[in-house]
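Novice: Next up is a structure, given as structure tokens.
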Amino acid sequence: MRAIGRGPSVPRRLRNPRRSYDLEGRECEPATVANARQNGARGITVKCACNHEALIPFERLWPDEYVPDVALRCRCTVCGGRRIESYPDWSGGWRWKAGGLAPTT
């Protein structure tokens with residue numbers, strides 16, 4: 001299924017790197033924090049360029065905020081960097097063990 005954007009076509013040089021665009025160059029609206037929570041995500045994962053990763057619980061976020069924009073308010077606690085990406089954590093807090101699934105602690 002292809003995403004269908006809204007509004008006028010955006011020239012490639014003016015496109016926001018935190019957004020996706022359809023084949024005609026129209027911006028597609030990203031998922032919001034409320035939408036990710038409603039669809040079963042357990043929080044928002046933020047990952048720095050140094051590979052440090054952290055989970056931000058939904059209680060610390062605004063429901064109408066776009067998931068990619070969460071990274072704009074973050075700074076890495078290891079290297080202090082701002083090159084961070086954010087995406088929903090779909091793991092649900094479960095991991096595979098030899099005896100079956102068990103909640104992570």
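Since every read-out is calculated from the coordinates, none of them should be taken as a lab result. The model shown is predicted, which means the values in this text are computed figures rather than measured ones. Note that each Cβ is placed from the backbone with ideal geometry, even for glycine, and that neighbours are counted across all protein chains shown.
Novice: Using 1/(1 + (r/R0)^6) with R0 = 25 angstrom and r between the beta carbons of ARG12 and GLU85, what's the FRET efficiency to the nearest 0.05?
Specialist: 0.75
Novice: Taking H placed 1.01 Å from N in the peptide plane, check which residues at least 5 places from SER20 or on another chain put their amide H under 5 Å from its amide H.
Specialist: For SER20, whose amide H was placed from the backbone, the distant partners under 5 Å are CYS28.
Novice: Sort 35-44, 14-23 by packing, meaning the average of other beta carbons within 10 Å per residue, with the highest value first.
Specialist: 35-44, 14-23
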